[in-house]
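First the structure, in the form of structure tokens, and then the observations on it.
The values are calculated or read from the model by the stated rules, or taken from the named source; none is laboratory data. This is a predicted model, so every value here is computed, not measured. Virtual Cβ from ideal backbone geometry, glycine too; neighbours counted across all protein chains shown. For the accessible areas, the whole protein counts, side chains as well, though only heavy atoms, and no ligand, DNA or RNA atoms are used. Shrake-Rupley method; radii C 1.70, N 1.55, O 1.52, S 1.80 Å.
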Amino acid sequence: MNVTEYMSALGQSARKAAAEMAAVSTSQKNQALLATAEILDQRREELAAANAQDLENGLNNGLEPAMLDRLELTPARIDTMIEGLKQVAALPDPIGVINDLKYMPSGIQVGKMRVPLGVIGIIYESRPNVTVEAASLCIKSGNATILRGGSEAIHSNKAVAQCIAEGLKQAGLSESAVQVVETTDRAAVGELITMPEYVDVIVPRGGKGLIERISRDAKVTVIKHLDGICHVYLDADADAEKAQRIAINAKTQRYGTCNTMETLLVNVSRAEELLPALEQEYAHIGVELRACAKAQKILNSCVAATEEDWETEYLAPILSIKIVEDMDEAIAHINKYGSHHTDSIVTENYTRGREFITRVDSSSVMINASTRFADGFEYGLGAEIGISTDKIHARGPVGLEGLTSEKYVVLGDGHIRT
């Protein structure tokens, strides 16, 4: 069987499973999730052995340390996978919920019901824990899914997928509701994103190159964000202590995430007060500063920022700093160079804060909070399948509701139109 035939077979199985999953009860879905959690716990040694094989192959193939770290399934990460399944099981089931039900003049009732999207293809790199995260959200939202992990994690993903399949089986659900692509042939991705007859939505989770390729070539709707060029603006009316805490946390709490601040904007009236203390703290932590000409006159240790710096998602201990005249200039900079992911203002001026969150065109906009809060868990979604910077359908962290759509339902009692 060639790749085209193999992917077509997966698609057919997924389409059939999706029809079944749409009608599955909440109890049965939760049973599958909790059974999978138990099986993962019981098979820690098997998961570790499969992961060790991937890690050894990664070392032999010269995989970078950061990639190896993301690939590793530590006992703590297995604990997190298990806890994640339990959390998703505890979340309210969106499927079948009818909103905005109201009577029309004709006497009929009209509302909107939450329904699954159908078959979701998910393409991701390195982290085998994503297999569980993605599968759990798709199961709970009544969707079927085809998961295509990176070739570097093939043994780990297969081992995890076997646990999920057994969890589904124990709950009396189709094992085809969650299928992991078992070939490492890159052509499988090309097939997956061009099967609209079988796949309803594609969710890519990976580097900018992967997402650009999928967005360009896909014949299926894509939920995506390309990069996370996030900003924090320290306003003229910022509280100094809050500004310090937020600017440090947004950059240094974790470097390699899409909601990490990459550019700090500082109002000119506060720059000489705020920047020296921030520079000292960043130096202590080991963050390289790249600054505009005005900021260079205040900072002791920095390099000149270039046009490219404003457009770069570093994912590293590097920070761009720009001094702006006012909030208008800050917003203009964000809307020009940002990636519409997450941006924050630090201010004690309520009116200015409200104006900022109205005018900044990003999927998450914040007042007096670190950009690192922009994820599904922190937003109360339990988990997320990814972040969307699109404006149609899902925007921001995509949780259970983001994996659903709505259809109109009409309740009548023999009503006819006259």
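Results, tabulated for the structure shown:
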| item | result |
| --- | --- |
| Candidate set from the stretch 136-151 (those that are in a loop (DSSP other than H, G, I, E, B) and in contact with a Ser or Thr (Cβ under 7 Å, 6 or more places away or on another chain)); member that is surrounded by the fewest Cβ atoms within 10 Å (Cβ to Cβ) | 150 |
| Hits in the stretch 98-118 - residues which are in contact with a Ser or Thr (Cβ under 7 Å, 6 or more places away or on another chain) and either under 16 Å from residue 204 (Cα atoms) or among the aliphatic types (A, V, I, L, M) (or both) | 115, 117 |
| Some residue of the stretch 369-382 being modelled with pLDDT under 95, touching a strand residue (DSSP E or B) at 6+ places or on another chain (Cβ under 9 Å), closer than 27 Å to residue 23 by Cα and of a type in the set (A, V, I, L, M) | yes |
| Test: residue 67 is open to solvent by 40 Å² or more (accessible area, probe 1.4 Å), under 24 Å from the mean Cα position of the chain (by Cα), within 29 Å of residue 193 (Cα to Cα) and not charged (D, E, K, R) | yes |
| Some residue of the stretch 102-114 being under 19 Å from residue 193 (Cβ atoms) and either small (Gly, Ala, Ser) or under 15 Å from the mean Cα position of the chain (by Cα) (or both) | no |
| Identity of the residue in the stretch 395-415, farther than 19 Å from residue 338 by Cβ and small (Gly, Ala, Ser), that ends up farthest from the chain's Cα centre (by Cα) | 414 |
| Test: residue in the stretch 24-31 that is open to solvent by 40 Å² or more (accessible area, probe 1.4 Å) and without any contact (Cβ under 8 Å) to a residue 40 or more places away in the chain | yes |
| Qualifying residue in the stretch 279-291 (condition: within 29 Å of the chain's Cα centre (by Cα), surrounded by 17 or more Cβ atoms within 10 Å (Cβ to Cβ) and under 19 Å from residue 365 (Cα atoms)) | no |
| Residues satisfying the stated conditions in the stretch 3-15, i.e. surrounded by 15 or more Cβ atoms within 10 Å (Cβ to Cβ) and not small (Gly, Ala, Ser) | 3, 6, 7, 10, 15 |
| Filter result for residue 330 (touching a helix residue (DSSP H, G or I) at 6+ places or on another chain (Cβ under 9 Å), closer than 19 Å to residue 240 by Cβ, open to solvent by 10 Å² or more (accessible area, probe 1.4 Å) and assigned to a helix (DSSP H, G or I)) | no |
| Residue check, residue 306 under 25 Å from residue 207 (Cβ atoms), among the β-branched types (Val, Ile, Thr) and under 21 Å from the mean Cα position of the chain (by Cα) | no |
| Boolean, residue 248 is farther than 30 Å from residue 145 by Cβ and under 27 Å from the mean Cα position of the chain (by Cα) | yes |
| Selected residue (only one of 320, 269, 339 is hydroxyl-bearing (Ser, Thr, Tyr), in a strand (DSSP E or B) and either in contact (Cβ under 8 Å) with a residue 40 or more places away in the chain or open to solvent by 20 Å² or more (accessible area, probe 1.4 Å) (or both)) | 320 |
| Number of positions in the stretch 354-368 that are in a helix (DSSP H, G or I), free of Cβ contacts under 8 Å to residues at least 40 places away in the same chain and open to solvent by less than 20 Å² (accessible area, probe 1.4 Å) | 0 |
| Qualifying residue in the stretch 152-170 (condition: open to solvent by 50 Å² or more (accessible area, probe 1.4 Å), not in a helix (DSSP H, G or I) and not acidic (Asp, Glu)) | no |
| Failed item in (1) in contact with a Lys or Arg (Cβ under 8 Å, 6 or more places away or on another chain); (2) modelled with pLDDT of 95 or more, with residue 107 passing the rest | (1) |
| Selection within the stretch 275-310 - under 23 Å from residue 374 (Cβ atoms) and either in a helix (DSSP H, G or I) or modelled with pLDDT under 95 (or both) | 278, 281, 282, 285, 309, 310 |
